[in-house]
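Everything on this sheet refers to the single structure shown next.
The values are calculated or read from the model by the stated rules, or taken from the named source; none is laboratory data. Given the structure is predicted, the values throughout are model-derived calculations rather than measurements. Note: ideal-geometry Cβ built from the backbone for every residue, glycine included; neighbour counts use all protein chains shown. All accessible areas refer to the heavy atoms of the entire protein, side chains included, with ligands and DNA or RNA removed. Shrake-Rupley method; radii C 1.70, N 1.55, O 1.52, S 1.80 Å.
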Amino acid sequence: MEEELFTELLAKMLSGDITPDEVVKFNRLIAGNTSFQKDYDAIKSYWTQDDEPYENIVSIFEGIKKRAGIPDTTPEKDNVREINKPGYIFPWLRIISAAVAIMIVSVGIYLIKTKSVQETNLAQLQTKWGSTAQVKLPDGTMVTLNSLSVLKYPKHFNGKTREVYLNGEGYFDVASDHSHPFIVHTEKTAIKVLGTAFNLKSYANDAQFEATLFRGSIQATLTNDPAISVLLKPSDKLIVNASGYQLTKETYSDHSNTVNAETAWMKHKLIFKNEPFNLLANSLVRKYGLNIVFKDDKLKSIRLSGEFESENIEQVLLSLQVVTKFNYKVSGNTIYIF
């Protein structure tokens with residue numbers, strides 16, 4: 001369908017994740033459809049102006065969503081609590097709220113391509129960069145979402161299972177119901193639980209998936225190999241990547257084992273231990289709302305450890321330069337690392 005193709009390619013254009021062949025296809029689409037051309041021109045005008053944000057930019061995207069048949073999946077406000085956090089000061093960075101709205105809608109549009117029949121008519125909660133949110137599901141399960149995450153869930157659980165869909169990172173405190181297993185679907189795994197507390201990290205642009213169990217038990221089934229199921233016990237951490245999977249333990253940032261790195265984000269902290277620079281960069285993108293591009297691929301595999309909370313992005317980069325050798329350049333909303 002042309003509407004879905006347009007919204008998908010438009011989202012890729014905004015994120016910069018579009019191939020030359022797709023650019024040709026996108027140009028052909030807008031050349032043959034005046035409505036597509038009008039929407040695209042309005043968005044281009046927004047991105048190139050330096051004054052006030054384009055007032056109708058969100059309504060334009062709402063129109064695109066409506067034409068593409070994307071239902072209104074806003075969860076009930078009474079069940080959702082946005083968790084505020086301290087703001088960051090970027091002397092060189094121009095942040096506009098409407099731009100954030102574009103990013104959020106773009107992510108939703110881009111996910112249409114992979115939407116299954118089972119995911120239709122689900123409530124959907126999305127978080128912005130640098131923010132977290134908490135939602136109470138119909139069964140009493142509490143879910144806390146990290147920044148730039150998407151949770152889809154039914155407004156009422158019916159049937160033999162309670163199933164939700166996660167793209168991003170979330171902490172789940174699942175209400176116990178032994179007769180109705182709780183299942184979290186992610187890109188790489190399906191997590192089956194009865195009543196427990198665990199953290200899932202499943203961002204599409206991360207090279208690995210992580211599941212950390214704190215209470216109870218969960219069973220993870222690999223999406224690419226359903227014959228493989230891994231049972232986790234408290235303090236177990238499952239990592240799934242292109243080379244397979246490994247079972248390790250949760251990470252602590254101190255010797256007293258009181259500060260957990262996997263859930264530090266719930267306190268607006270970023271704690272990492274022996275983490276590849278490219279994975280850390282993805283976390284910084286989600287925390288500060290910017291783009292990071294590596295000009296030297298060798299830097300991506302450098303492993304780093306540290307802890308940040310209220311520092312701005314320049315302070316973070318300067319701190320990292322103390323422990324590893326690299327340079328960076330800021331251009332608009334993008335940081336180039338070389």
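For region 10-57, what are the residues that are surrounded by 14 or more Cβ atoms within 10 Å (Cβ to Cβ), among the aromatic types (F, W, Y) and modelled with pLDDT under 75?
Y46, Y54
Only residues that are part of a strand (DSSP E or B) and either in contact (Cβ under 8 Å) with a residue 60 or more places away in the chain or surrounded by fewer than 19 Cβ atoms within 10 Å (Cβ to Cβ) (or both): list them for region 169-184, please.
E169, Y171, D173, I183
In region 281-315, what count of residues is obtained for those that are without any contact (Cβ under 8 Å) to a residue 40 or more places away in the chain and of a type outside the set (D, E)?
Result for region 281-315: 13.
Which residue out of T161, T212, T251 is free of Cβ contacts under 8 Å to residues at least 40 places away in the same chain and surrounded by 14 or more Cβ atoms within 10 Å (Cβ to Cβ)? Steps first, please.
Numbers: T161 fails: surrounded by 14 or more Cβ atoms within 10 Å (Cβ to Cβ); T212 fails: free of Cβ contacts under 8 Å to residues at least 40 places away in the same chain.
The unique qualifying residue is T251.
Given the condition polar (S, T, N, Q), in a strand (DSSP E or B) and touching a helix residue (DSSP H, G or I) at 6+ places or on another chain (Cβ under 7 Å), answer yes or no: does some residue in region 146-153 qualify? If you could, list the steps in order and put the result at the bottom.
Applying the first criterion (polar (S, T, N, Q)) to region 146-153 yields 146-147, 149.
Then keep just the ones that are in a strand (DSSP E or B); that gives none.
No, region 146-153 has no match at all.
Out of L284, L290, L317, L280, report the one residue that is out of contact with any Cys (no Cβ under 8 Å at 6 or more places or on another chain) and either open to solvent by 50 Å² or more (accessible area, probe 1.4 Å) or more than 22 Å from S149 (Cβ to Cβ) (or both). I'd like the intermediate steps shown before the answer.
On the way: L284 fails: either open to solvent by 50 Å² or more (accessible area, probe 1.4 Å) or more than 22 Å from S149 (Cβ to Cβ) (or both); L290 fails: either open to solvent by 50 Å² or more (accessible area, probe 1.4 Å) or more than 22 Å from S149 (Cβ to Cβ) (or both); L280 fails: either open to solvent by 50 Å² or more (accessible area, probe 1.4 Å) or more than 22 Å from S149 (Cβ to Cβ) (or both).
Result: L317 is the single residue among L284, L290, L317, L280 that is out of contact with any Cys (no Cβ under 8 Å at 6 or more places or on another chain) and either open to solvent by 50 Å² or more (accessible area, probe 1.4 Å) or more than 22 Å from S149 (Cβ to Cβ) (or both).
Please pick out the residue among D296, D254 that is of a type in the set (D, E, K, R) and modelled with pLDDT under 90.
The match here is D254.
Take the residues of region 185-196 that are in a strand (DSSP E or B) and aliphatic (A, V, I, L, M): which is surrounded by the most Cβ atoms within 10 Å (Cβ to Cβ)?
We begin by selecting, within region 185-196, every residue in a strand (DSSP E or B); these are 185, 189-193.
This time we only want the ones that are aliphatic (A, V, I, L, M), so: 190-191, 193.
Numbers: A190: 16, I191: 26, V193: 23.
By that ranking, first place goes to I191.
From the list V330, V293, V322, which residue is closer than 21 Å to W129 by Cα, of a type in the set (A, V, I, L, M) and over 21 Å from the mean Cα position of the chain (by Cα)?
Values: V293 fails: over 21 Å from the mean Cα position of the chain (by Cα); V322 fails: closer than 21 Å to W129 by Cα.
Result of the check over V330, V293, V322: V330.
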